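Take a look at the structure below.
The values are calculated or read from the model by the stated rules, or taken from the named source; none is laboratory data. Just so we're clear, the structure is a prediction, and the values are computed from it rather than from any experiment. Using ideal geometry, Cβ is built from the backbone for each residue, glycine included, and neighbour counts are taken over all protein chains shown.
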Amino acid sequence: MYKKQVSLILVLIVCLLLLTGHRFTPEQAASLQIETEHVQFMNHFKIDDTFLYVFKNEKTKSYVTVTSEKTNLLYRSRTVSKISAHKKDLQMISTYTHYDQPFTFFVVQSFDNNIGYIQAGKKGEQQIKSTQNRDMIPFFFSGSANIASLQPVALNHEKEVIYRYDAASKWYKP
């Protein structure tokens, strides 16, 4: 009798956790936040205890970033962000600022062969990354910051600025 009661209580606890959005893996938690139809998985990143999943939604023509975090033994997704997709030379695919474990994350992809590098960061923390493979280029910075304050720029192969990212969340030619 005692074993049945304990088993019933455990089943109820698991059901309650699943109903509140908790899952056994970070992927399962993230998948609860997106439409599975018309969505293509692009990439995933892990920063400390936070998992970030980037998807492209063909139906809404947007990039979707979903986060999952560990809560005790299970995972839960709490944040979803969307950025409109466009067919320009440079695309900001994902941005995310975490305030509990302060970090800032964003992903850029270049479609312009004249762009050789992407650079971002405050003075003394600048990162420069090659666009050679035309893959998504992730940037991680400690501390919470507005993306524009990290001064992202696209550089040509001679490392001259050809695009800047502004506070209105747009790339422009200076």
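See the values below:
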read-out: Residue 70 vs. criteria more than 15 Å from the chain's Cα centre (by Cα) and exposed (fewer than 14 other Cβ atoms within 10 Å of the Cβ); value: no
read-out: Condition broken by residue 138, with the remaining ones in (1) closer than 25 Å to residue 101 by Cβ; (2) in a loop (DSSP other than H, G, I, E, B) satisfied; value: (2)
read-out: In segment 110-139, the residues that are modelled with pLDDT of 90 or more and under 14 Å from the mean Cα position of the chain (by Cα); value: 137, 138, 139
read-out: Flag if residue 88 is in a loop (DSSP other than H, G, I, E, B), over 16 Å from the mean Cα position of the chain (by Cα) and touching a residue at least 40 places away in the same chain (Cβ under 8 Å); value: yes
read-out: Counted residues, segment 104-118 - those being under 25 Å from residue 144 (Cα atoms) and out of contact with any Lys or Arg (no Cβ under 8 Å at 6 or more places or on another chain); value: 5
read-out: Counted residues, segment 73-104 - those being crowded, with 18+ Cβ neighbours inside 10 Å, assigned by TED's automatic domain parsing to the domain that holds residue 146 and either of a type in the set (Ser, Thr, Tyr) or closer than 26 Å to residue 158 by Cα (or both); value: 8
